[in-house]
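Colleague: Provided herewith is a single structure, encoded as structure tokens, for subsequent inquiry.
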Amino acid sequence: MTSIKSGYDLSIATYSPEGRVFQIEYASTIVKNSQLVVGAICKDGLVLISEKNCGFQNKNFLNTENIFPINKTTAIGASGKCGDIHYLIGRTRYDDTTHREFFSESLTGPLLVARISALMHMHTVYWHLRPFGCSGIIGTISDFSPEIYVIFQTGLFIKCYGTAIGNQSEMTKISLENILAKFHTCRKNIEVISKSIKKMNPKLNVQTLEIFCFSKEKPIFSKPISYNILTENRRISNFFQF
Amino acid sequence: MNTNWGPSTDVQDPALGTTIMAVAFDGGVVMGADSRTSTGTYVWNRVSDKITSVGDKIFVCRSGSAADTQAVVDVIRLYLQMHSLEIGKQPEVPTAANLLNQVCYSNKDNLMAGMICAGWDERNGGKVFSVPLGGGVFPHPFVIGGSGSGYIYGYVDSNFREGMSKAECQQFVKNAVSLAMWRDGSSGGVIRMVTITKDGVEKEMVSGQNLPHLAKGWCP
């Protein structure tokens, strides 16, 4: 097996003899080390949860949001390089505005996801463009039913009931399988998922999660709610778990 | 405003040469139009079809300049087909009306087209939108348009009821268009009717001797 120093990893337009494009795999390590984003479909809607990454030592939380509303029925939770995320979101919002101007309906569902993934894929084809350093989980309400899609840097998108990207996403996905099988409501899902996030990472150095929720009680994506994971877990659990 | 309205210039009425209407009922729409295309005083086509399809279950009634409306409808049909390929299902009526508005409003200096867009789709049921001369989209339970419409506002205002059945709507359209054709010089010929429901599209033509003659009480 050819190793990293063998020169097949210098350009995204080069395949290795095993059929791997090394640059894309290198790019995906950015997402593996970035903030965790979880998306899940609930009984009465869907919920997107993200870690607030604190980049400063004194743990002051500035307006560094990771979940962005595109229109009233769509939100994207992204993990990875901040600049790439902002470009992608700006592009998607522009697409949505022009679509609404022409066709008088918001861009939702598979149409929206196909547009974004076409852009991300284009960045993996040409030698002079670098791939996007971000992945996204998209929660949309299309045709009155909630849907969750995940887009990877290669441009692939998958529709699913719930998923996680970012650091610790593998373990989160395992515990998510059990949670999703029970099909809770939105509120219950928030509590259960945040408890499992805390359990997996006892030394969690973030104190709050950012939560975007679309449920029957509040059927609109407007602003994320902030959720103090420590105090909420303390409230939920019967005895203190640190 | 461009006053070159066609081969002949002795027409003053801006909404010229036709009577078109569309009525929505529970489960679909009924559209009706006369069939006269005139250039000035000469009747160029006495059996023209002014109700054109832009999708499987979406039709547009055209009034105004024949060339302008045909060009606009061709553009709309193209955009709607591409849009329905992208979304993977049949296009919706408000989408078609909005596209019509985009084209009519952006080119309002060069076009003279007053259209009625109506159809049936799964999410909204039967819907009627009017896109008049300068643009704008206006949803209504029923719309009348064209030069002949001025003569029948009284009739439609007094005879339209919410919740009519399909047969009642068809009779309403037949009566209204025949009254307009009776009085308006630029409307005439046959009545063409299109009924769009969930089950499909029915086209009907009511020729001269079968027209409802509502003035028979006083006029032979």
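Conditions tested, residue by residue: (1) modelled with pLDDT of 85 or more; (2) over 23 Å from A:SER28 (Cβ atoms); (3) crowded, with 19+ Cβ neighbours inside 10 Å.
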residue	(1), (2), (3)
A:GLY162	yes, no, yes
A:THR172	yes, no, yes
A:PHE183	yes, yes, no
A:GLN207	no, yes, no
A:PHE212	no, yes, yes
A:PRO219	no, yes, no
A:ARG234	no, yes, no
A:PHE240	no, yes, no
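Colleague: Could you grab me the full set of residues in the stretch A:108-151 that are within 14 Å of chain B (Cβ to nearest Cβ) and basic (Lys, Arg)?
Modeller: Within the stretch A:108-151, just A:ARG115 meets the criteria.
Colleague: Right, here's the next one. Can you tell me which residue in the stretch A:98-114 is most open to solvent (accessible area, probe 1.4 Å), limited to those that are modelled with pLDDT of 90 or more and either touching a Ser or Thr at 6+ places or on another chain (Cβ under 7 Å) or aliphatic (A, V, I, L, M) (or both)?
Modeller: Among residues in the stretch A:98-114 that are modelled with pLDDT of 90 or more and either touching a Ser or Thr at 6+ places or on another chain (Cβ under 7 Å) or aliphatic (A, V, I, L, M) (or both), the one most open to solvent (accessible area, probe 1.4 Å) is A:ARG100.
Colleague: If I filter the stretch B:52-108 down to residues being open to solvent by 30 Å² or more (accessible area, probe 1.4 Å) and of a type in the set (Phe, Trp, Tyr), which single residue comes out as farthest from A:PHE103 (Cα to Cα)?
Modeller: Among those residues, the one meeting the criterion is B:TYR105.
Colleague: Limited to the stretch B:122-143, what total is found for residues that are within 14 Å of chain A (Cβ to nearest Cβ) and within 18 Å of the chain's Cα centre (by Cα)? Can you show your working first?
Modeller: As a first pass, look at the stretch B:122-143 and keep what is within 14 Å of chain A (Cβ to nearest Cβ): B:122-124, B:127, B:129, B:131, B:135-139.
Narrowing further to those that are within 18 Å of the chain's Cα centre (by Cα): B:127, B:129, B:131, B:135-139.
The qualifying residues number 8.
Colleague: May I pose another question? Starting from residues that are within 14 Å of another protein chain (Cβ to nearest Cβ) and part of a strand (DSSP E or B), keep the ones in the stretch B:90-121 and report whichever is nearest to B:ALA66 (Cα to Cα). Spell out the reasoning first.
Modeller: Of all residues in the stretch B:90-121, those within 14 Å of another protein chain (Cβ to nearest Cβ) come to B:90-106, B:117, B:121.
Of the ones still in play, those that are also part of a strand (DSSP E or B) are B:117, B:121.
Details: B:CYS117: 16, B:ASP121: 27 Å.
Only one residue tops the list, namely B:CYS117.
Colleague: Would you check if A:VAL150 is open to solvent by less than 10 Å² (accessible area, probe 1.4 Å), within 18 Å of A:ASP84 (Cβ to Cβ) and part of a helix (DSSP H, G or I)?
Modeller: Details: open to solvent by less than 10 Å² (accessible area, probe 1.4 Å): yes; within 18 Å of A:ASP84 (Cβ to Cβ): yes; part of a helix (DSSP H, G or I): no.
In short, no.
Colleague: If the requirement is being farther than 25 Å from B:ARG123 by Cβ and touching a helix residue (DSSP H, G or I) at 6+ places or on another chain (Cβ under 9 Å), which of these qualifies: B:GLY27, B:GLY17? Give the steps one after another, and end with the answer.
Modeller: Values: B:GLY27 fails: farther than 25 Å from B:ARG123 by Cβ.
Of B:GLY27, B:GLY17, the one residue that is farther than 25 Å from B:ARG123 by Cβ and touching a helix residue (DSSP H, G or I) at 6+ places or on another chain (Cβ under 9 Å) is B:GLY17.
Colleague: Another one. Pairs please, first residue from the stretch A:32-49 and closer than 16 Å to A:ASN178 by Cα and part of a loop (DSSP other than H, G, I, E, B), second anywhere and at pLDDT below 90 and open to solvent by 10 Å² or more (accessible area, probe 1.4 Å), Cβ atoms under 7 Å, 6+ apart in sequence or on different chains.
Modeller: As it stands, the answer is A:LYS43/A:PHE183; A:LYS43/A:HIS184; A:LYS43/A:THR185, since those pairs meet every condition given.
Colleague: So, in the stretch B:172-220, of the ones that are open to solvent by 30 Å² or more (accessible area, probe 1.4 Å) and of a type in the set (A, V, I, L, M), which residue ends up farthest from B:SER53 (Cα to Cα)?
Modeller: B:LEU214
The values are calculated or read from the model by the stated rules, or taken from the named source; none is laboratory data. In this text the structure is predicted, and so the values were computed from the model without any measurement. Virtual Cβ from ideal backbone geometry, glycine too; neighbours counted across all protein chains shown. Remember, those area values only see protein heavy atoms, side chains included, never the ligands or the DNA or RNA. Shrake-Rupley method; radii C 1.70, N 1.55, O 1.52, S 1.80 Å.
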